Amino acid sequence: MPFSLVRFGGLTQGHPLLTSLVLGVAIIAAAFFLSWATEGLETVVPQSVALALLALIEVAPEYAFEVLLAYRGQTELAAASMTGANRLLLGLGWPLIMVVAFLSARRQGQRFTEIELDARNAPELLFLLLASLYAFVLVLKRSFSLLDSAVLVALYVAYILTAFRQSRRRHQAAVRVLTETELLVNLGEKREPAEDDDEEDEDRDIGVAARVKRLPPGTRTLVIPLFLLAGAYVLFFGAEPFIDAVLQVARQVGVSQFILIQWVAPFLSEFPESLTAFIWAGLIVFAGKGLSNLISSKLNQWTLLIAAIPLAYSVGQGHAAPLPLTAQSVDEVFLTAAQSLFGISLLLTFRFTLRAALTLAGLFLVQFFIPVEGVHVALGWLYLALTAVFLLLNRRHLHLAELLRAGRPGR
């Protein structure tokens with residue numbers, strides 16, 4: 001109701017700060033609506049379809065901001081939103097998962113200093129690595145074309161197919177385990193359940209998403225579309241006035257529009273998804289699931305999301321046109337790609353330690369509080385140097401074989 005009164009009733013006309021606050025809270029709500037709806041879809045459509053829809057819909061708020069800016073030809077601001085969303089998720093989101101789990105364990109008198117990953121995370125890490133390497137092509141070209149979009153979309157499609165194939169293999173393995181168990185039971189023998197037998201039990205949802213899944217089928221079929229419509233309504237009618245209000249606030253207070261768009265819009269759109277991941281981390285046992293969720297989100301943003309920018313720019317220009325990257329945008333993409341490589345390297349041991357999390361967060365805070373052009377370039381090279389050092393020191397513990405195995409079509 002506040003959103004509708006501000007958007008269509010002119011309730012806060014002439015007060016851009018108040019307008020941006022009301023619309024910003026509404027956009028957070030919209031992101032929650034979309035998240036709950038897509039998680040509930042798993043009970044309505046096949047899981048593979050729900051996974052694909054989840055990947056697309058969860059990044060809808062970011063799409064709304066970046067596509068709008070690119071369509072209007074505000075290429076530098078579109079690049080700001082793109083790089084800000086990616087760096088915020090990796091530089092602050094990933095570390096907070098580890099920190100929340102560490103503090104929760106400490107309150108319970110337990111010791112928890114690392115999150116363990118496994119081969120199930122290999123597809124995300126492999127394709128996130130490929131997308132990060134390709135980002136340096138954009139830096140060298142100093143432009144972003146429809147061909148680049150096609151490459152990034154192809155990477156994401158390959159990831160989805162790989163993830164589906166891996167999920168199917170796990171399902172087939174689980175069926176074999178159940179069949180063997182039934183046979184042994186019939187023969188009067190007992191068998192300890194496999195370590196992954198309870199894997200699905202660990203994928204329990206919490207909060208509103210869980211309640212949606214427990215609704216009667218008829219009610220659930222009504223609630224899910226209503227959530228989708230509510231989220232789409234806010235994003236469709238609220239994205240542009242929110243961006244305009246933020247830009248007006250920046251002009252009034254003398255703050256860089258680039259900086260506000262780079263951090264304010266991504267924070268709002270990332271908040272709901274990250275909050276769910278932090279809740280999982282607080283349960284300690286689900287910390288790995290929370291980190292995996294944010295790794296997948298990073299892959300979505302670094303492929304599908306940024307691939308939409310040249311398309312929106314071309315539509316706005318009325319013809320196919322490469323999106324030019326300014327000197328500042330090139331530096332931001334370089335820093336974001338370097339940060340991504342460093343973050344991925346930390347996970348190639350399939351362990352995310354507290355020390356690694358604090359290092360990621362510390363470097364992010366430096367670039368956040370010192371938004372100086374030269375500092376960002378230097379930080380980018382520092383990320384690359386740290387990546388090389390970490391890989392060299394941990395070369396015996398890298399799980400490169402699992403990444404290569406995940407990328408093989410026949411596996």
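Since every read-out is calculated from the coordinates, none of them should be taken as a lab result. These figures come from a predicted structure and were not determined experimentally. Every residue, glycine among them, receives a Cβ derived from its backbone with ideal geometry; neighbour counts consider all protein chains shown.
Here is how the numbers come out for the structure above:
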item: Pair H15, E240: separation of 7 Å Cα→Cβ label points (nm); result: 2.4 nm
item: Efficiency of FRET between L146 and R107 - r from beta-carbon atoms, R0 41 angstrom, step 0.05; result: 0.20
item: Amide proton proximity set for R351, modelled H, under 5 Å, gap of 5+; result: L117
item: C-alpha center-to-center spacing [segment 215-231, segment 309-368] in angstrom; result: 35 Å
item: Two-decimal ratio, segment 300-411, of alpha-carbon radius of gyration to 2.2 N^0.38 Å; result: 1.32
item: Whole-Hz ³J(HN,Hα) from phi, Karplus 6.51 cos²θ - 1.76 cosθ + 1.60, for segment 116-121, glycine and proline x; result: 9, 9, 8, 4, 5, 8
item: Built amide H within the under 5 Å cut-off of F144, gap 5+; result: L323, L325
